[in-house]
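Visitor: Let me begin by handing over the structure; questions about it come next.
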Amino acid sequence: MAGQQSSILIGYLTEVRGDGMEARIAEEHLGDLPLINIDGEDMLAGQIGSYTVIRQNHISVLALIFKTWGEDRFDAEGQRYTDRFIALIPVGEIQESGAFLRGVRHYPTPGAKVYAVGLEEINAIFSKFREYNFFIGQLASHKDYHLSLDLRALFGRYFAIVGQSGAGKSWTVTSLIQNTIKAMPKAHIIMLDLHGEYCWKDKLGNIQSAFPDDMVQYVDAMEMEMPYWMMTYAELVGLFIDREDKGATLQMSFMREVLQQLKRKEAKQIGLASVSIDTPIYFPLAEMYMQFKNANEERKDFGKSVGALFGQFDEFLIRMQSRFNDVRYDFLLKPKHRNHSASMADLLRQFIGLGEKKANITVIDLSSVPTDVRPAVSAQVGRLAYEFNYWNPSRRDFPITLICEEAHAYIPREKGGQFEGTKKMMERIAKEGRKYGVSIGVVSQRPMELSETMLAQCGSFICLRTSNPDDQAYIKGLVPEAEGDLTDILSSLGRGEALVLGEAAPLPTRVQIYRPNPEPKSNDVDYYGGWRLGPDDLNVEEIVNLWRTQTRKLISISSSIIINCTGSLVVTISANFLINRAVTINNAKLPQCCLPLMCAS
Ligand SMILES: Nc1ncnc2c1ncn2[C@@H]1O[C@H](COP(=O)(O)OP(=O)(O)OP(=O)(O)O)[C@@H](O)[C@H]1O
Ligand SMILES: [Mg+2]
């Protein structure tokens, strides 16, 4: 870099603080179009999002412009002049060898010269990261420049993708994963997909996905059995015992005893030498219920006296019955296939992508799971991932990343409540998972509602547009101190545009994330199309029935399909409209996939 130094002076430092600097723009760039040309590229001097280098003696500090403003002054004749200023965030030092070091140890003084930075210089700074070949998008300040992240830092410590609804989180996740599997074909990713955006079924029941067919595995959470007998004692207590109940302690100790006895019996049968209360082996739930029931009804001396536990378990038995009768818990309590200890390896294989179909990405679709059961499913998924690698002797060569979409919905900040189990599990992964090769990527539109422990462990942040001041302030508090001021930019980001902060990027960087290809099924609902061409009537009886049976029917095509007719011209037509009526579209060459729909109408 030493040989490539930019010589375009744009200003002089006026203020230097530990966490930021300000500079006055040089007079020659005060016009209404302060164009400068660096390495053949036209730029505006002092543009937000662009980089500068401050040089003074041996000091060379790289800084990012995050704010710019003007101040009027008048001369003796009353003539008005406007000075322009920029606020800078120092991001690192450029050493004499040209190497870039994050963080600033040597500060310049006011009066130091501020130079614009060109592509060549950026290239030198980002060169180490380019080796990873993990490009995620183009720099906002240099469209020709593509940003590569440090994969080790991104997946090795956790990351968070935050931004308001519609900012582009799901697209960013898709784009990121599509590039991850290109850069690392042996990646192991498990995704908790809350809305069925990453995999979905088409009209014919075939699975469509935003990821290559041979690399992805779709798992419908309702069909995947995660049997109760794999749960820990504490989880079973959470499921069947109300801790507020005055008899809770007695219920818990009796359950411990019964479990131990049932598991010892099973261990003997499968030839397991020792067994603990948490050993994941089969035990019959009905047997546990019966033991509680018998103790609750025990009578002695031909009915003259009652047992010590007589009547103690009424609440427990009712609670257990009601859980058992709740069809939403069938995936847990009534396993049809996984009802013997040997079925566990098979479950893990399927789950981790080592089943019949080897897959890098396992998408667990939670869209059909009722909302209040989602935390229970998520906790089990998190736990399986954690335990799998905890016990996996090859964990160092087989790291797993768990991506939690809409994480605030089941890893909330608030204490207590039904989410406590998932929260504890996910926080445990966050605290200890790194050692065992299990990392987490949280995706959330409400970082303030997300567990603090979870976010505190994140080393990298991909922040998309966030206009809520409270959320902005919260994000500011999360990111490394000197980068906090940058969060002011968050409200000005466009769709799919992100501020990447933390360890994975060489510098805090404003970047336009690549469009994923194919896209996830998270497109906005097309109000314009729907309200003009939508259906005249709906099958309300079906809706009532689906609601009652808690069945969410997968829609084959989102409410609109986009037909790309001429490459640039995009016509949007309501799918229902195509199905319900015969339509003629003049001059539009419809792709093959639309033809069956047309014929069906
Ligand atoms: N990188 C991108 N390039 C171009 N357009 C994008 C990009 N990312 C997102 N968009 C646009 O923004 C829309 C919303 O994106 P997305 O579904 O990812 O939002 P989201 O943040 O996940 O929203 P929600 O919180 O509601 O799930 C997309 O349908 C797309 O039109
Ligand atoms: Mg989304």
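Visitor: Among the residues of region 154-168, how many are near ligand 2 (Cβ under 8 Å from one of its atoms) and modelled with pLDDT of 95 or more?
Guide: Going through region 154-168 one residue at a time, the tally reaches 0.
Visitor: Which residue out of A187, A183 is more than 16 Å from ligand 2 (Cβ to nearest atom), within 25 Å of L354 (Cβ to Cβ) and either among the polar types (S, T, N, Q) or in contact with a Leu (Cβ under 8 Å, 6 or more places away or on another chain) (or both)?
Guide: A183 is the lone residue from the list that is more than 16 Å from ligand 2 (Cβ to nearest atom), within 25 Å of L354 (Cβ to Cβ) and either among the polar types (S, T, N, Q) or in contact with a Leu (Cβ under 8 Å, 6 or more places away or on another chain) (or both).
Visitor: Can you pull out the residues in region 90-134 that are crowded, with 19+ Cβ neighbours inside 10 Å and without any contact (Cβ under 8 Å) to a residue 60 or more places away in the chain?
Guide: E93, F134
Visitor: Of these, S522, S560, which one is within 16 Å of ligand 2 (Cβ to nearest atom), outside the structural domain of Q208 (by TED's automatic domain parsing) and either at pLDDT below 80 or more than 21 Å from G166 (Cα to Cα) (or both)? Write out each step before concluding.
Guide: On the way: S560 fails: within 16 Å of ligand 2 (Cβ to nearest atom).
Testing whether each residue is within 16 Å of ligand 2 (Cβ to nearest atom), outside the structural domain of Q208 (by TED's automatic domain parsing) and either at pLDDT below 80 or more than 21 Å from G166 (Cα to Cα) (or both) leaves just S522.
Visitor: If you scan region 269-302, which residues turn out to be over 25 Å from F324 (Cβ atoms) and of a type in the set (S, T, Y)?
Guide: Selection gives S274, S276.
Visitor: Let me ask something additional. Please tell me if A221 is within 30 Å of A308 (Cβ to Cβ), small (G, A, S) and under 31 Å from the mean Cα position of the chain (by Cα).
Guide: no
Visitor: Filter region 148-159 down to residues that are in contact (Cβ under 8 Å) with a residue 24 or more places away in the chain and either within 13 Å of ligand 1 (Cβ to nearest atom) or among the hydroxyl-bearing types (S, T, Y) (or both), then give me how many there are.
Guide: Total meeting the criteria: 1.
Visitor: Okay, moving on. Take G196 and decide whether it is within 16 Å of ligand 2 (Cβ to nearest atom) and either surrounded by 23 or more Cβ atoms within 10 Å (Cβ to Cβ) or basic (K, R) (or both).
Guide: no
Visitor: Tell me the strands (runs of 3 or more DSSP E) entirely within region 170-213 that contain at least 3 residues that are within 16 Å of ligand 1 (Cβ to nearest atom) and in the same structural domain as D372 (by TED's automatic domain parsing).
Guide: Output list reads 189-193.
The values are calculated or read from the model by the stated rules, or taken from the named source; none is laboratory data. Values in this document were obtained by computation on a predicted structure and should not be read as measured data. A quick note on method: Cβ atoms are made from the backbone with ideal geometry, for glycine too, and the neighbour counts reach across all protein chains shown.
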